[in-house]
Amino acid sequence: MTDSAATHTAPETDDRTVHTQEHDGVLVIIIDRPKVRNAVDGATARALADALDLLDARHDLVIGVLTGAGGTFSAGMDLKAYASGDTPVIPGRGFAGLTRFQRRTPLIAAVEGWALGGGTEMALACDLIVAAQDATFGLPEVTHGLVPPEGGIVRLPERLPRNIALEVLLTGDPLPARRAEQLGLVNHLTAPGETLTRAVELAGRIARNAPLSVAAIRRVVEERSGLGDQDTFRLQDQIVAPVLASQDAQEGARAFTEKRPPHWQGR
């Protein structure tokens, strides 16, 4: 992205948590909270929603790239902000304004470092994934008495073999990017620090094509079955609501905070 006439970046004094850059039909969206590993709070979720709305509203933008600053994609939810009553879940749009948002425009995740919890769910909400060789995905919610309700359960079994997806979801074990690439979850692996360059290059190849064709292909693939994402999320929410409201969910949060093993009661 060396074309300064086509690139717009925030000034160094800007304290926003999301920045965008434009280049030849590609919108790069950068989560810029490296001190908290790009964890998402309410303000960041709203800023991401605004950036995604911009991507969908402008027909000269054919595709987007989502990444994180400072060598980490995202550690998921900002738990400190959430504990104070600040939620990164936007009604109708899901976590970070992305996971349940019905987009028109394709989106590529450029993953460095960790994509943890909601970070993995954001990556799964994207259409393509470029990851560093040492990047790691993770959905550890089950170890805290929770479930990953913003796409982990819905999308992972579609992107991995069912048995592998279930192993990741049921153990909470991390999934290294090299393994994810072997299984087809990751489109391209890069050396550390090079994912954004590779993702923008891939996005540029897509952006050279007809915008209406690109959007139509994505829509057909997205609506490939009688039970689309939104209906699947509704079904999931009915099933997992009692889990999220359970005593075990509260125990999982307490155990995590107190740095001790949880004591499950199954209720």
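Figures for the structure shown
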{"item": "Residue within the stretch 27-35 that is in contact with a Cys (Cβ under 6 Å, 6 or more places away or on another chain), outside any loop (DSSP other than H, G, I, E, B) and under 12 Å from residue 122 (Cα atoms) present", "result": "no"}
{"item": "The stretch 22-42 - residue that is charged (D, E, K, R) and closer than 21 Å to residue 128 by Cβ and, of those, surrounded by the fewest Cβ atoms within 10 Å (Cβ to Cβ)", "result": "24"}
{"item": "Any strands (runs of 3 or more DSSP E) falling wholly within the stretch 49-161 and containing at least 2 residues that are of a type in the set (Val, Ile, Thr), crowded, with 18+ Cβ neighbours inside 10 Å and free of Cβ contacts under 8 Å to residues at least 12 places away in the same chain", "result": "none"}
{"item": "The stretch 67-92, residues that are in contact with a Ser or Thr (Cβ under 9 Å, 6 or more places away or on another chain), closer than 18 Å to residue 109 by Cβ and not small (Gly, Ala, Ser)", "result": "67, 73, 77, 88"}
{"item": "Any hit, the stretch 65-72, residues being farther than 26 Å from residue 192 by Cα, in contact with a Phe, Trp or Tyr (Cβ under 7 Å, 6 or more places away or on another chain) and modelled with pLDDT of 95 or more", "result": "no"}
{"item": "Those residues of the stretch 202-261 which are within 21 Å of residue 151 (Cα to Cα), of a type outside the set (A, V, I, L, M, F, W, C) and modelled with pLDDT of 80 or more, in sequence order", "result": "218, 219, 222, 234, 237, 238, 242, 246, 252"}
{"item": "Residues of the stretch 87-116 classified as polar (S, T, N, Q) and closer than 21 Å to residue 201 by Cα, total", "result": "1"}
{"item": "Qualifying positions in the stretch 132-174 - touching a Gly at 6+ places or on another chain (Cβ under 7 Å), farther than 23 Å from residue 259 by Cβ and acidic (Asp, Glu)", "result": "150"}
{"item": "Test result for residue 184, over 29 Å from residue 254 (Cα atoms) and in a loop (DSSP other than H, G, I, E, B)", "result": "yes"}
{"item": "Complete set of residues in the stretch 100-121 that are of a type in the set (D, E, K, R) and more than 21 Å from residue 218 (Cα to Cα)", "result": "112"}
{"item": "Residues (within 30 Å of residue 60 (Cβ to Cβ) and within 20 Å of the chain's Cα centre (by Cα)) located in the stretch 216-267", "result": "218, 219, 221, 222, 223, 228, 229, 230"}
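The values are calculated or read from the model by the stated rules, or taken from the named source; none is laboratory data. All values reported here derive from a predicted model rather than from experimental measurement. When we count neighbours, we look across all protein chains shown, and the Cβ atoms used for this are built from the backbone with ideal geometry, even at glycine.
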